[in-house]
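Data block below; observations after.
Bear in mind that the values in this text are calculations on the coordinates, not laboratory data. As the structure is a computational prediction, the values presented were derived from the model and not from experiment. Cβ: placed from backbone, ideal geometry, glycine included. Neighbour counts: every protein chain shown.
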């Protein structure tokens, strides 16, 4: 099962009008601490009713990290060479950044790739079955989060604008007009052609 197939399954589950879903979402603009980190999926619930038993109100935010192989899964928990050099035992993973930007954090994997017992206490686990349906193998604990940064709001606003033009995290380079060119980080510095300035 590919990452694209899993993202398609997530998009189908976290669908409008109840949810707004983004794939490959940057957690900020510019080059601050979390800005260059991305989550594979990020969804916000648009209704006021809770979706989690421990949740006091609505508008739940969910971050999703896709893993399609055992090596990818194990790499999530290993520090980089730089972090080892700095004496850090655990790396600053995408999970750590995703936890700061969500009430619920899930790893999403093909069914059977990861055992429930392997998942950290602060995270949940979703299995994607061969037919594309989701199975919530471990419920993520609900966490209140602090104030979301303006940088993250700017990243969301940029993605809304790009999405309005038919762009998502997987096809930004194609939209920019040259799929074979080395991909610039359009979310960090989008070219003017993406925006209609004629109005």
(message) Taking the number of other C-beta atoms within 10 Å as the exposure measure, put 14, 106 in order starting with the fewest.
(response) 14, 106
(request) Any chance you could run the full-extension gain for residue 78 through residue 49? It's 0.36 nm times the residue separation minus the Cα-Cα distance, nm to one decimal. (result) 6.7 nm
(message) I'd like to compare 109-116, 122-129: which one has the highest average count of other Cβ atoms within 10 Å, and what's the full order after that?
(response) 122-129, 109-116
(request) Within 10 Å, count the other beta carbons around each residue, average over each peptide in 140-151, 61-72, and list them highest first. (result) 61-72, 140-151
